[in-house]
Amino acid sequence: MGEFYGDAYSDNTGMGQSGVSTSSGFQINNLNPALWVRNRFTTLDIGVIGQYKDVVSGSKKQTNAGGNLAYVSLAFPVSPRWVVGMSLKPYTFVDYTNQSIRDVQGTPFVGVYNTTGKGGINKASITTSYQVTKYLSLGLESSYFFGNVRKTTEVALIDYIRARDPNLDLTEEVMVSLNERTTYSDIAFRAGAALRVPIKKENKLNLNLGAAYSFGTSINADRTTTFEVSRDALPIINPDTLDNVLGGRIKTPNQFQVGASLEWPFKLILSADFNYQQWSQYRSFTNSNDGLKDVGRINIGAEYLPRFTSLNYFDLVRYRVGFSYGKTPYSIGNNDVNDTNVSLGFTFPMGRGYQNFLSVALVGGQRGNTGNGMIRERYGRVVLGVTLLERWFVKQKID
């Protein structure tokens, strides 16, 4: 399926991806469907993401960079206690190119192998959030997954000396290709609850509790596999279809998130979350678990607003800091791969009356380590979000 984007938008990303229990109401909190009801204005959130990676394994090094649309979300209040929203975002992504050279024993030739992967799965959702009591809200997200992943393995047989030429052009060689395209489509659900408990009167301090549960689902998948032999990009023999729209399923794991936060309204938020994902339940297209393990993760963050009523612009900027640590479901040689990152975030008011916002989140982290055949990946990530607020369904009055 690829690597997951996660559910956090730009503001929560700047808080260490925490925030299952709290929302300012000025931006959409996508970590918990129950928190959408806090948005009392019609809210449009749009985000983009950019990422840079530095990968090291032994003496080998590689750098990657890329970007994508992160999310598009719209929420609007239907009534004072009911908010409905919709969103579109990438769910997973696949983007890699690797090359290796192997000797063909008993011959003066070597095989030059190129493996590539492209594509991913997208997620279109409708969220409904309802304020059940003064302090309790519930939410449900219904999602439709769609997309495809394309994987190609190509091998060319050439002589040993030419294979070491850095300017080697493989298009002049006989190329054997195995192409695989898997198309995904299905629905899934995520539910959430949020509780706000006043600790001090007059809304001076609140204790927030929240939980979200993503139901594991079996995603329908169709796979087509073709085999080709070509030279100079022209087929030598007719392509052969090994699998034609072969039906199967991908089983995704359950995920449980819980969080708590202390909120001094319009001043300070301290947030801590824990999430647990049962990757042992995962099953691939071939019904394999791929050796994935159950994992947990902690997310800690803080948001500070200097002075909500100030006329000084920088007193109205919201500042964020966060930390996140957890295990990934992968392992290399029975060694776990840990992921640690820190983050900074800023939300700048803009527009007339400062009713719109520009948010920036900066994340730096590391996955894995070097030595013992391990892989270390250091990454930097930027999430840029724009939030537009407006009032809808206002009854017109004539003076």
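The values are calculated or read from the model by the stated rules, or taken from the named source; none is laboratory data. Since this is a predicted model, take the numbers as computed values, not measurements. No Cβ is skipped: glycine too gets one built from the backbone with ideal geometry, and neighbour counts run over all protein chains shown. Quick note on the areas: whole protein, heavy atoms, side chains included, nothing else; ligands and nucleic acids left out. Shrake-Rupley method; radii C 1.70, N 1.55, O 1.52, S 1.80 Å.
Annotation note: Cβ proximity below 7 Å between a residue of segment 314-343 that is under 18 Å from Phe357 (Cα atoms) and touching a residue at least 24 places away in the same chain (Cβ under 8 Å) and a residue that is aliphatic (A, V, I, L, M) and part of a loop (DSSP other than H, G, I, E, B) (sequence gap 6+ or interchain) occurs for Arg318/Leu305; Arg320/Met15.
If you go through segment 346-399 and keep only what is within 20 Å of Gly66 (Cα to Cα), open to solvent by less than 30 Å² (accessible area, probe 1.4 Å) and of a type outside the set (Gly, Ala, Ser), you end up with Val363, Glu377, Tyr379, Val383. So for segment 256-276 (the condition being without any contact (Cβ under 8 Å) to a residue 24 or more places away in the chain and more than 24 Å from Leu205 (Cβ to Cβ)), does at least one residue qualify? Yes; the residues of segment 256-276 include at least one that is without any contact (Cβ under 8 Å) to a residue 24 or more places away in the chain and more than 24 Å from Leu205 (Cβ to Cβ). Just checking, does segment 294-305 include any residue being buried (at least 17 other Cβ atoms within 10 Å of the Cβ), more than 21 Å from the chain's Cα centre (by Cα) and over 29 Å from Leu207 (Cα atoms)? No, because not a single residue in segment 294-305 is buried (at least 17 other Cβ atoms within 10 Å of the Cβ), more than 21 Å from the chain's Cα centre (by Cα) and over 29 Å from Leu207 (Cα atoms). Just one of (1) among the hydroxyl-bearing types (Ser, Thr, Tyr); (2) surrounded by 15 or more Cβ atoms within 10 Å (Cβ to Cβ); (3) modelled with pLDDT of 85 or more fails for Ser230. It is (3). Candidates are the residues of segment 140-159 that are over 19 Å from the mean Cα position of the chain (by Cα) and open to solvent by less than 40 Å² (accessible area, probe 1.4 Å); the one that is nearest to Ala193 (Cα to Cα) is Thr152. Does Thr309 satisfy being touching a strand residue (DSSP E or B) at 6+ places or on another chain (Cβ under 9 Å) and either open to solvent by 60 Å² or more (accessible area, probe 1.4 Å) or modelled with pLDDT of 95 or more (or both)? Criteria not met by Thr309. Of all residues in segment 113-126, count the ones that are open to solvent by 70 Å² or more (accessible area, probe 1.4 Å) and either charged (D, E, K, R) or touching a helix residue (DSSP H, G or I) at 6+ places or on another chain (Cβ under 7 Å) (or both). Summing the residues that are open to solvent by 70 Å² or more (accessible area, probe 1.4 Å) and either charged (D, E, K, R) or touching a helix residue (DSSP H, G or I) at 6+ places or on another chain (Cβ under 7 Å) (or both) in segment 113-126 gives 1.
Within segment 49-68, the presence of at least one residue that is of a type outside the set (Phe, Trp, Tyr), surrounded by fewer than 21 Cβ atoms within 10 Å (Cβ to Cβ) and closer than 24 Å to Asp273 by Cβ is confirmed. Every test in (1) over 15 Å from the mean Cα position of the chain (by Cα); (2) within 30 Å of Thr370 (Cβ to Cβ); (3) open to solvent by less than 10 Å² (accessible area, probe 1.4 Å); (4) touching a residue at least 60 places away in the same chain (Cβ under 8 Å) is passed by Val110 save one, and that test is (4).
Pairing residues of segment 374-388 that are under 14 Å from Asp339 (Cβ atoms) with residues that are open to solvent by less than 50 Å² (accessible area, probe 1.4 Å) and not in a strand (DSSP E or B), at Cβ distances under 9 Å and at least 6 apart in sequence or on separate chains, gives Met374/Gly368; Ile375/Gly368; Arg376/Gly368; Glu377/Gly368; Arg381/Thr13.
The residue that is surrounded by the most Cβ atoms within 10 Å (Cβ to Cβ), among those in segment 79-94 that are without any contact (Cβ under 8 Å) to a residue 60 or more places away in the chain and under 29 Å from the mean Cα position of the chain (by Cα), is Val83.
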